[in-house]
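A short reminder: the numbers here are calculations on the coordinates, not readings from a lab. Note that this is a predicted model, so its numbers are computed, not measured. For neighbour counting, all protein chains shown are included, and Cβ atoms are generated from backbone atoms with ideal geometry for every residue, glycine included.
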Amino acid sequence: MPDTVAADFSQLDTLLQASPAVLYSGSHDPRTQSLEVDWVSSNLWALTGYRPQEAREPAWWSQHIHPDDLERVQVSFARLGKRREIYAEYRFR
């Protein structure tokens, strides 16, 4: 069974590498109005030049969203308290 799980993760990673979308999971911190990320897809590096490990640092995500998009995206992040998922499109810097 572990070989099957490893193969599934390998296949998922291959699919994500070809994707133009970065997937991530985390929670919204209402104190800082930021997204605290606990996992991010490895294609972040290819699309932005940032390493997934960097994106898991506290408040990192909010610090890298384009300033013109930040307020709108923070509202989306705040919805994570009520919903399990959000869709947000925004620019990165």
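A few notes on this one:
- 0 to 90° range, to nearest 10: angle between helix 67-78 axis and the chain longest Cα axis: 70 degrees
- Based on Cα contacts under 8 Å between residues 6+ apart, the chain shows a relative contact order of 23 percent.
- For the chain, taking the reciprocal of the average inverse distance between every pair of different Cα atoms yields a Kirkwood hydrodynamic radius of 14.2 Å.
- Compared with the dominant Cα axis of the chain, that is its longest principal axis, helix 2-17 is turned about 50°.
- By average C-beta atoms within 10 angstrom, highest first, the peptides 14-23, 53-62: 53-62, 14-23
- Estimated FRET transfer efficiency (residue 18, residue 75; beta-carbon r; R0 35 Å; 0.05): 0.70
- Estimated [θ] at 222 nm from DSSP helical runs (n ≥ 4, -39500 (n - 2.57)) normalised by residues in the chain, nearest 500: -12500 deg cm²/dmol
- Contact order normalised by residue count of the stretch 39-93, Cα under 8 Å, 6+ apart, percent: 29 percent
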